[in-house]
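Novice: There's a structure below that I have some questions on.
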Amino acid sequence: MAKKKGFRGGKDKGKGAYSRQAGLSRITRANSQSRTRTAGWERYADDEASLEAFETVDRGSNTGEGLLAKFNRLARDTAHHDGIDAEICGFDGTVVMARDDQGREWPCQVRKILKKMLRGVKTPLVVGDAIKLTMLDDNDAVIVAIAERRNQLARADSHNKALEHIFAANIDHLVIVAAMAMPDLKTGLIDRYLTIAHHNDIVPIVVLNKSDLADPTEAAALYRGLGYTVFATSAEQAEGDISPLRDHLRGRCCVMAGQSGVGKSSLINALYPEVAARVGVVSDAQRKGRHTTTASRSYLLADGGRLIDTPGIRECGITGMEALNVALLYPDIAKLHPQCRFNNCTHLHEPDCAVTAALETGGIDPRRYLSYLSIVTEDLGDGNPS
């Protein structure tokens, strides 16, 4: 009997044209039952023989589970472990660096069974993760448990927008640094960082630096009018809102984001001179290729806060959303959305759209709409009328 067109077997299996049946097979495999251990198996982690012999049961895969939800589910499975409370502050090759409550840093290995649990989790441990560790000797420790994350900072991969890179976790503020001049102010980039912050449940702060080179009044009014906290600074001269910004960040965990040349290093130096030199040393090493561009490091501040240096956040690709998600993260667009004719209006080409109507009458700043349009059409590939 002749084979049906589009199907191949043997060594050629999978090389033929895509078929409906092949697609159904993938869905079937994704939702198939797999063997896994019953609850409580972690108590046998120190005895490999008992671990292998422990009863297994059928369990379906967690299809559609988000990265943060999956991590937190696994974290709950380790909650019964006792140990010293600590936080991941960096990485040295395969060694995890952790900081305890006394500010001491320890090189750590990840417990073997914890590695097994986290297998398949992209970026399983990042700077800012709360952990528990036990001491092996005076200089080495083992991570035995992880805590659930409040949030995580992620962006799209620069080469594959379908992938996300996670840089840090448990962040209080994303400090978005923009220059008023040299380089020119880019409100579209500010809007991208704001979208990333909202999408990851991080409170954003806008800092308009180099206020000595151009008047920040108009830009500050735009973002304050949208409900954002805005500071205007001249970091190199240590002038402007340096002290108010430092007070606002006191005791918090913050990440600074912004394109090259906006003055992030100068701002860190003006705010936290005690850590500026250490941040500079790491940055120099990264420029020489000794570290990857996604390496992160946490620095303990004198006021009890933490500054996380994440070079990877300089790129600002957005993924994992649809046009409607982005629209609802823009306060000025979100408030008009209920007035649109269609509940799922993308505010691009639909009739009777309250957003495009407001754009024509001056109800929305054109720069804001253009940045929304850029994210939806360029990053997400949405919005083309059928």
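Here, each number is a calculation from the coordinates, and none is a lab measurement. For clarity, every value in this text was computed on a predicted model and none was experimentally measured. Cβ placement follows ideal geometry from the backbone for every residue including glycine, while neighbour counts extend to all protein chains displayed.
Novice: If amide H atoms are built 1.01 Å from N in the plane of the peptide, which residues on other chains or at least 5 residues away come under 5 Å of the amide H of Asp241?
Specialist: Ala232, Thr233, Ser234
Novice: Can you compute the FRET efficiency between Glu322 and Asp365 using 1/(1 + (r/R0)^6), with r the Cβ-Cβ distance and R0 = 22 Å? Round to the nearest 0.05.
Specialist: So, using R0 = 22 Å, E works out to roughly 0.45.
Novice: List the pairs from Lys112/Lys132; Lys264/Lys335; Lys70/Lys112; Lys70/Lys116 whose alpha-carbon separation is above 26 Å, in the order I gave them. Display every interim value, and only then the final one.
Specialist: On the way: Lys112/Lys132 14 Å; Lys264/Lys335 33 Å; Lys70/Lys112 19 Å; Lys70/Lys116 14 Å.
Correct reply: Lys264/Lys335.
Novice: With +1 on each Lys and Arg Cβ and -1 on each Asp and Glu Cβ, how big is the dipole of the stretch 323-379 about its Cα centre, in debye rounded to the nearest 20? Kindly include the intermediate steps, with their values, before the conclusion.
Specialist: Working: 4 positive and 7 negative charges, 29 e Å.
I would put it at about 140 debye.
Novice: Using unit Cβ charges (K, R positive; D, E negative) and no other charged atoms, how large, in debye to the nearest 20, is the dipole of the stretch 114-262 about its Cα centre?
Specialist: For the stretch 114-262, the charge dipole is close to 700 debye.
Novice: For a footprinting-style exposure proxy, rank Leu153, Leu307 by other Cβ within 10 Å, fewest first.
Specialist: Least to most surrounded, the residues fall as Leu307, Leu153.
Novice: What's the extension gain from Asp100 to Asp140 if we count 0.36 nm per residue and subtract their Cα-Cα distance?
Specialist: Length gained, Asp100 through Asp140: 13.1 nm.
Novice: List every residue whose amide H lies under 5 Å from the amide H of Val110, counting only residues 5 or more places away in sequence or on a different chain, with H placed 1.01 Å from N in the peptide plane.
Specialist: Ile143
Novice: Based on the mean of other beta carbon atoms within 10 Å per residue, what is the order of 199-205, 138-144, most packed first?
Specialist: Numbers: 199-205: 18.4, 138-144: 16.0.
Going from most to least packed, we get 199-205, 138-144.
Novice: Once you have the Cα-Cα distance between Asp215 and Arg150, take 0.36 nm times their residue separation minus that, and quote the gain in nm to one decimal.
Specialist: Length difference between fully extended and current span is 19.7 nm.
Novice: Oh, and also: For the stretch 73-82, take each phi angle, set θ = phi - 60°, evaluate the Karplus expression 6.51 cos²θ - 1.76 cosθ + 1.60, and give the result in whole Hz per residue in order, putting x for glycine and proline.
Specialist: 5, 5, 4, 4, 5, 9, 5, 6, 6, 9
Novice: Amide H of Glu322 versus every other amide H placed in the peptide plane: which residues, excluding those fewer than 5 positions away on the same chain, fall under 5 Å?
Specialist: none
Novice: Find how much the distance from Ala79 to Leu300 grows on full extension, using 0.36 nm per residue of separation minus their present alpha carbon separation; answer in nm with one decimal.
Specialist: Full-extension gain reported as 77.0 nm.
Novice: Computed over the Cα atoms of the stretch 323-379, what is the ratio Rg over Rh, Rh following Kirkwood?
Specialist: 0.91
Novice: Shifting gears a bit: How big is Rg to Rh over the stretch 67-146, alpha-carbon atoms, Rh as the Kirkwood inverse-mean-distance radius?
Specialist: Here the Rg-to-Rh quotient is 0.93.
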